[in-house]
Amino acid sequence: MYFVIPGSEGTVISQRTNLPWSGDVELKISGPKAVKLALRIPDWAASNYTCRSSLSGGELHDGYLHLPAVANATINLTFPLQPRKVYAHPKTGKDEICIMRGPLVYCVEDVGNPGVDIDHIALIDGPVADAPAATIADVEDVVTISSPGKELVNTNWPSLYSSEGWRYGELTKELTFVPFFLRMNRGGNGGMRVWVKGILS
């Protein structure tokens, strides 16, 4: 992708990246006139991104990396794309977790987790990790995510209330998550969740 900056006498900025699947971004600036750049650094990457260029200086504030004026330069940004757990605010009253990777929100689908009742699962403490890439809805090399979880085993209560609390199975199951925007493209009955309960073990 490339574009020309209006009023810059022909300065061109070109960008090469494979976001959101990989975190590398290359920007090339060329033109007869030096221009100042303010590059958007999203909140999820603000504490862990890297910037390599021939430019000196640069200041991050208000969500943007402000660089000194330049006419010709190459800038390489790397954003962290490790999967991460995001927790609901305590005032929501929900002890629930969703999984994100870079800017993408992920979800768990029944079709990707055969034999698992996704309406009665919980994620356990521990890291989440990239899983093998897949092709979904003709989108190739989609990064899926794997997270350990457990399934509720006493869901068939005979009445609305019970003296027995929720009980999760002993076996840990690896749950597969896919990007939310690609949900409902692989068949199944359409079951899907973004927010999942969290448990300690």
Strands (runs of 3 or more DSSP E) fully within region 44-132 counting 3 or more residues that are more than 23 Å from Gly23 (Cα to Cα) and more than 20 Å from the chain's Cα centre (by Cα): 64-70
Residue in region 97-114 that is surrounded by 12 or more Cβ atoms within 10 Å (Cβ to Cβ), over 23 Å from Asn48 (Cβ atoms) and in contact with a Leu (Cβ under 8 Å, 6 or more places away or on another chain) present: yes
Criterion (closer than 27 Å to Pro42 by Cα, touching a residue at least 24 places away in the same chain (Cβ under 8 Å) and not assigned by TED's automatic domain parsing to the domain that holds Trp21) met by exactly one of Asp141, Asp110, Asp117: Asp141
Number of the condition not met by Glu151 [criteria: (1) surrounded by fewer than 11 Cβ atoms within 10 Å (Cβ to Cβ); (2) touching a His at 6+ places or on another chain (Cβ under 7 Å)]: (1)
Single residue of region 31-43 satisfying the filter (in a strand (DSSP E or B) and more than 22 Å from the chain's Cα centre (by Cα)) that is surrounded by the most Cβ atoms within 10 Å (Cβ to Cβ): Leu37
Filter result (assigned to a loop (DSSP other than H, G, I, E, B) and not charged (D, E, K, R)) within region 175-195: Met184, Asn185, Gly187, Gly188, Asn189, Gly190, Gly191, Val194, Trp195
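The values are calculated or read from the model by the stated rules, or taken from the named source; none is laboratory data. Please read all numbers here as calculations on a predicted model, not as lab measurements. Positions of Cβ are generated from backbone atoms using ideal geometry, with glycine treated the same way; all protein chains shown enter the neighbour counts.
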